[in-house]
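Everything on this sheet refers to the single structure shown next.
What follows is calculated from the coordinates using simple rules that are stated; it is not laboratory data. Because the structure is a prediction, the values reported are computed rather than measured. Every residue, glycine among them, receives a Cβ derived from its backbone with ideal geometry; neighbour counts consider all protein chains shown.
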């Protein structure tokens, strides 16, 4: 079987272009190393399964609040995928497909109006009717709530109208090509207007949406529970009675619980365990290339919080691009990723996904590891060596292992990195508040390149955690978002990447390969290159009834 991540999806203004990402067989790369075989999982389809049962999924970190508007945690997406559907989704081939919408948007010739037809006869988990007005309420909240993390993702929206019960009309200030892709993630999640009115800013404590399951309970640092929603419009394809997401930070403990049967799915498998689990006949290892990336944020001016006006930070690292370039040159990307992750992951220096429509030779070309030049740049910048940097790192074995290898690599280039182990939820808070110097943290990735770049580097964006500002990059991103011409967009993103590699507000280091495992007694677990493990339509194997 040959799997393609996506083909160019063309309709007026709103378009997504992702070319073939990976084939299902092993691929020999130009450097001689082999990629790994993809396995996205198998839908239930016509398999014999039994209705009912509780599925337990081990989560490698605690999700933040279950609020689609304000959340920024990768792990929150796992839970929300079961309880909060979106206007659009992407399928296993990476194509954008309707979910709560009934068709892709129709866009006016001038690109300023997008009309979205939505489902009728659907109810939220609290019994509230789903209609265009409810969609309008959620989209407006995503767009304008003060604490929203979705605003920059949604583009230059002027207004949102409900035209009757089944039609939503989005008016744009400027054409915005990535709109549909944005509405295929949290910006497209629709919340019950009744629950929003009752809960307000506390919606995430008791989220209510349209989904196969509905939220029932959360025990902080321990578990999140959801149960089958009988009001769900496609309830006939929901088999489980309950899903429990159990927080299990330690990768070894997750793997042990998977082998023992105490959990049926583990969201993240360490490359250290992947080979062994792959050979276990009682388990199935799902694996996929990633749309995302991992790297190092450098705080350039995020003093009062992301999205607030930037202020100068009086350190050479923040003020002098030569120091950041030196840091980039002191990271031996290929060696680090091969040694720490047993060649399961890939090195990178760009937000553009390799082997896709927008990947050019220039954006795939990483600077060579050059500690001598790094020391030369530090000397030119007039800083004493070793130059000290505090690097906040998530408290997972793999991330800490990588940080320690990075520490050793950068030492040869004249840097003294102090690793500060930090809980994931605290990292997210530090990221937003700006109370960090440097931080190792990644992004799970989106199907359109705008979703992997714009929110992090656009001046004033709520996701601009580095406090980076560049009128040139802002302009190029605007041009790329306004055109549906794939070749023109690729050229513009190439220019953006070149500028980012000069300024280095974020040092791209590697791309994870998503590794998820589940018991062979369960089927219907799927994982796509967007990184979301889909368990809502899973089931235990066996006779029906």
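Quick notes on this one:
- The range 357-387 and the range 110-151 have their alpha-carbon centroids 45 Å apart.
- Packing, as the average of other Cβ atoms within 10 Å across residues, places the peptides 511-518, 147-154, 109-116 in the order 511-518, 147-154, 109-116, highest first.
- Projected label points at residue 221 and residue 46, each 7 Å from Cα along the beta carbon direction, are separated by 5.1 nanometres.
- Length-normalised contact order for the chain - Cα pairs under 8 Å, 6+ apart - percent: 22
- Separation of alpha-carbon centers, the range 264-328 and the range 442-479, rounded to whole Å: 16
- Förster radius 35 Å - calculated FRET efficiency between residue 115 and residue 206 (Cβ-Cβ, nearest 0.05): 0.60
- Relative packing of peptides 187-199, 399-411 - highest average C-beta neighbours within 10 Å first: 187-199, 399-411
- When the range 147-192 is reduced to its Cα atoms, the Kirkwood hydrodynamic radius in Å: 11.5
- Among 443, 344, sorting on how many other beta-carbon atoms sit within 10 Å of each Cβ, with the fewest leading, yields 344, 443.
- The chain - mean residue ellipticity at 222 nm from DSSP helices (-39,500 (n - 2.57) per run, n ≥ 4, rounded to 500): -8000 deg cm²/dmol
- Relative packing of 430-439, 417-426, 445-454, 329-338, which averages over residues the other C-beta atoms within 10 Å, highest first: 445-454, 329-338, 430-439, 417-426
- Going from the residue with the fewest nearby Cβ atoms within 10 Å to the one with the most, 128, 76 rank 128, 76.
- Debye log10 I(q)/I(0) for the range 260-402, one point scatterer per Cα, at q = 0.15, 0.16, 0.19 Å⁻¹: -1.00, -1.08, -1.30
- Separation in nanometres of the label points that stand 7 Å from Cα toward Cβ, at residue 361 and residue 335: 2.7
- Site pair residue 499 and residue 397 shows an inter-label distance of 4.3 nm when each label is modelled 7 Å from Cα along Cα→Cβ.
- R0 of 45 Å, Cβ-Cβ distance residue 373-residue 108: FRET efficiency to nearest 0.05: 0.30
- The Rg/Rh ratio for the range 293-511 is 0.94, where Rg is the radius of gyration of the alpha carbons and Rh is the Kirkwood radius.
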